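Worksheet: one structure, shown below.
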Amino acid sequence: MNDNKAVIEKFYTSFQRLDATAMNACYSEDIIFSDPVFGLLKGDDVKVMWEMLCAHAKDFSLSFSDVELLDEEYATCKWKATYTFSKTGRKVTNNVKSFMRIKDGKIMEHSDAFRLSTWLAQAFGWKGILFGWTGFMKRAVQKTARKNLIKFIETQYPDQRT
């Protein structure tokens, strides 16, 4: 079970260095990921998402803590990322709780939970404060995130489809 803790620590120490290749080496080939911004992603789309986020990170710092092994496969941890949101130039601090399923030394399932309305308020200022709780704004941000991922895939991997 300590091997599972080592996988989580490798993932987040790699994230601290913005090393998407090392992060993705912690994932199984058929990884399933979800979070409030990108929704559900699978396989290569998950790995490319981390490549994109690491490549575009500005003024980035990350800390992680409270790695807890729940049983033979399941674990949780907390992490906090601080960065400048490129679209608005605003500073964002995102507090996240991760849930992971690890098997044979690889992360099979990864879910990140955070309050999207809090993120929207930081990222978009008064617009995010006033409208960040609405389904409309949340869906708009999710749609933009997906479009950005597709554009990144088309640029970096022109032969791959999403």
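Points to keep in mind about this one:
- Only residues that are over 14 Å from residue 9 (Cα atoms) and in a strand (DSSP E or B) were counted across the stretch 81-99, and they come to 13.
- Candidate set: the stretch 118-139, residues that are under 15 Å from residue 35 (Cα atoms) and of a type outside the set (Phe, Trp, Tyr); chosen: the one least open to solvent (accessible area, probe 1.4 Å): 120
- Selection status of residue 86, surrounded by fewer than 18 Cβ atoms within 10 Å (Cβ to Cβ) and closer than 16 Å to residue 23 by Cβ: no
- Count - residues of the stretch 62-80 that are free of Cβ contacts under 8 Å to residues at least 60 places away in the same chain and part of a strand (DSSP E or B): 10
- Against the test of being under 19 Å from residue 31 (Cα atoms) and not in a strand (DSSP E or B), the options 129, 150, 102, 107 yield a single qualifying residue, 150.
- Take the conditions (1) within 18 Å of the chain's Cα centre (by Cα); (2) under 30 Å from residue 30 (Cα atoms); (3) of a type in the set (A, V, I, L, M); residue 69 misses just one of them, which is (1).
The values are calculated or read from the model by the stated rules, or taken from the named source; none is laboratory data. These numbers were taken from a predicted model, which means no experiment stands behind them. Glycine gets a Cβ as well: all are built from the backbone with ideal geometry, and neighbour counts include every protein chain shown. SASA here: full protein model, heavy atoms, side chains in, ligands and nucleic acids out. Shrake-Rupley method; radii C 1.70, N 1.55, O 1.52, S 1.80 Å.
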